[in-house]
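Participant: Here's a structure for you.
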Amino acid sequence: EGTGLELINEQPGDWVVDKAMQVTENMIQAHGEDIDVIVTHSDEMTFGSLQAIEGMGYTAGEDFKVLSIGDGSSAMLEAIIDGRVAACSECSPLLGPQAVEVVKTLQEGGTVEGLIWANDRFFTIDNAAEELEKAGW
């Protein structure tokens, strides 16, 4: 509350390009100019949404802001650099070592913090090129 944002609709994109493209097309047809931001939950769904936006004659980044809670792939970083995606919040699958440490500590009778940060990164136009270079892409 207090954000000034309103969730207009949500539909599953099933983490695949084709489904996300279809869902985005449906949303744009149903809600058009009422949409300011499209949020996806994987790089694949983001690219499906981008295909829908651009295939319908709109400009991603101008007509609709696109945010990805995704993977932070090199292609995603390039889409951020190109201005097609506003930001990507990385959801890293590399949490295994942290999870193993928590389980080990608990098995040994220890305690752990109630909140353990995953050390995910947040990519924007301010850091996407640098992160892409660091990754060796």
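The values are calculated or read from the model by the stated rules, or taken from the named source; none is laboratory data. Source: prediction; values computed, not measured. Here the Cβ is made from the backbone with ideal geometry for all residues, glycine too, and neighbour counts use every protein chain on show. For the accessible areas, the whole protein counts, side chains as well, though only heavy atoms, and no ligand, DNA or RNA atoms are used. Shrake-Rupley method; radii C 1.70, N 1.55, O 1.52, S 1.80 Å.
Participant: Which listed residue (A99, N127, Y58) has the Cα farthest towards the positive end of the charge dipole for the chain, taking +1 on Lys and Arg C-beta and -1 on Asp and Glu C-beta about the Cα centre?
Facilitator: A99
Participant: Distance between Cα centroids, segment 74-137 to segment 1-69: provide it in whole Å.
Facilitator: 23 Å
Participant: At 1.4 Å probe size, with every protein chain present, just tell me what the per residue accessible area of the chain comes to in Å².
Facilitator: 66 Å²
Participant: Keeping the other protein chains in place, figure out the carbon and sulfur percent of the accessible area of the chain, with a 1.4 Å probe. The partial results should precede the final answer.
Facilitator: Values: 4670 of 9020 Å².
That share works out to 52 percent.
Participant: Right, next: Which three semi-axes in whole Å describe the equivalent ellipsoid of segment 76-121, each the square root of 5 times a Cα gyration tensor eigenvalue, listed largest first?
Facilitator: 35, 10, 4
Participant: If you place +1 on the Cβ of every Lys and Arg and -1 on the Cβ of every Asp and Glu, how big does the dipole about the Cα centre of segment 1-104 come out, in debye to the nearest 20?
Facilitator: Dipole about the Cα centre, nearest 20: 320 debye.
Participant: Here's another thing I want to ask about it. Loop-only check: which chymotrypsin sites (Phe, Trp or Tyr not before Pro) in segment 46-120 are DSSP coil with at most 12 other Cβ within 10 angstrom?
Facilitator: Hits after loop and neighbour filter: W117.
Participant: While we're looking at this one, here's another question. How far apart, in nm, are the 7 Å Cα→Cβ label points at Q98 and A129?
Facilitator: 3.0 nm
Participant: If you don't mind, another one. Over its Cα atoms, what ratio of radius of gyration to 2.2 N^0.38 Å does segment 15-90 give?
Facilitator: With N residues counted in segment 15-90, Rg over 2.2 N^0.38 Å equals 0.96.
Participant: If you don't mind, there's one more thing I want to ask. What whole-number volume per residue, in cubic angstrom, does the convex hull of the C-alpha atoms of the chain give?
Facilitator: Numbers: hull volume 20.3 nm³, N = 137.
Spread over its residues, the Cα hull of the chain gives 148 Å³ apiece.
Participant: Got a sec to turn the phi values of segment 43-55 into Karplus ³J(HN,Hα) couplings, 6.51 cos²θ - 1.76 cosθ + 1.60 with θ = phi - 60°, whole Hz, x for Gly and Pro?
Facilitator: Values per residue, Gly and Pro as x: 4, 4, 5, 4, 5, x, 5, 4, 4, 5, 4, 6, x Hz.
Participant: From the phi of every residue in segment 5-10, what ³J(HN,Hα) in whole Hz does the Karplus formula 6.51 cos²θ - 1.76 cosθ + 1.60 yield, where θ is phi - 60° and glycine or proline is x?
Facilitator: 9, 10, 6, 7, 6, 8
Participant: What does the extension gain come out to for A75 and Q11, with contour length at 0.36 nm per residue minus their alpha carbon separation?
Facilitator: That pair, A75 and Q11, stretches by 20.6 nm at full extension.
Participant: Here is a further query. Taking amide hydrogens as modeled 1.01 Å from N in the peptide plane, which residues meet the under 5 Å criterion relative to V39, leaving out close sequence neighbours?
Facilitator: For V39, the qualifying residues are L67.
Participant: Please give the helix 17-31 orientation as an angle from the longest Cα principal axis of the chain, in degrees from 0 to 90, rounded to the nearest 10.
Facilitator: Result, in degrees: 50.
Participant: Could you give me the ³J(HN,Hα) list for segment 99-114, computed from phi with Karplus coefficients 6.51, -1.76, 1.60 and θ = phi - 60°, whole Hz, x at Gly and Pro?
Facilitator: Once θ is set to phi - 60°, the couplings for segment 99-114 become 5, 4, 4, 4, 4, 4, 4, 5, 5, 8, x, x, 10, 10, 5, x Hz.
Participant: Using every Cα-Cα pair within segment 8-52, state what percent have a distance larger than 15 Å.
Facilitator: On the way: 297 of 990 pairs.
The calculated P(r) of segment 8-52 puts 30 percent of pairs beyond 15 Å.
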